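Q: The structure follows.
Values quoted throughout were computed directly from the atomic coordinates according to the rules given, and no laboratory measurement underlies them. As the structure is a prediction and not an experimental result, all values here were calculated from the model. FYI the Cβ positions are ideal-geometry reconstructions off the backbone, even for glycines, and counts take in every protein chain you see.
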Amino acid sequence: MTIYSLYQPTASGALFAAFATSAPFAQAVGRLRCAIQGCCHGRPVVFAMGINIKHPM
């Protein structure tokens, strides 16, 4: 992003603002994808609202 802002006439503040607003959305989509795919479950949770993932076999 920094290299791009050096070569483009766009104001760097606008570029960083666009990144700051889109980065949390991209992170949320990645977390949902990971939960649906089941590649990384994280730590076990003993909580009523936790997601219980069981192997289908």
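Q: Under 9 Å between Cβ atoms, at least 6 apart or on separate chains: pull out the pairs that start in segment 3-24 with a residue that is assigned to a loop (DSSP other than H, G, I, E, B) and end on any residue that is small (Gly, Ala, Ser).
A: The qualifying pairs are ALA11/SER5.
Q: Counting only residues that are surrounded by 10 or more Cβ atoms within 10 Å (Cβ to Cβ) and part of a loop (DSSP other than H, G, I, E, B), which one in segment 25-46 is farthest from the chain's Cα centre (by Cα)?
A: Only one residue tops the list, namely VAL45.
Q: Taking the condition of being among the polar types (S, T, N, Q) and farther than 30 Å from ILE51 by Cα, how many residues in segment 4-32 meet it?
A: Residues that pass the stated criteria total 4.
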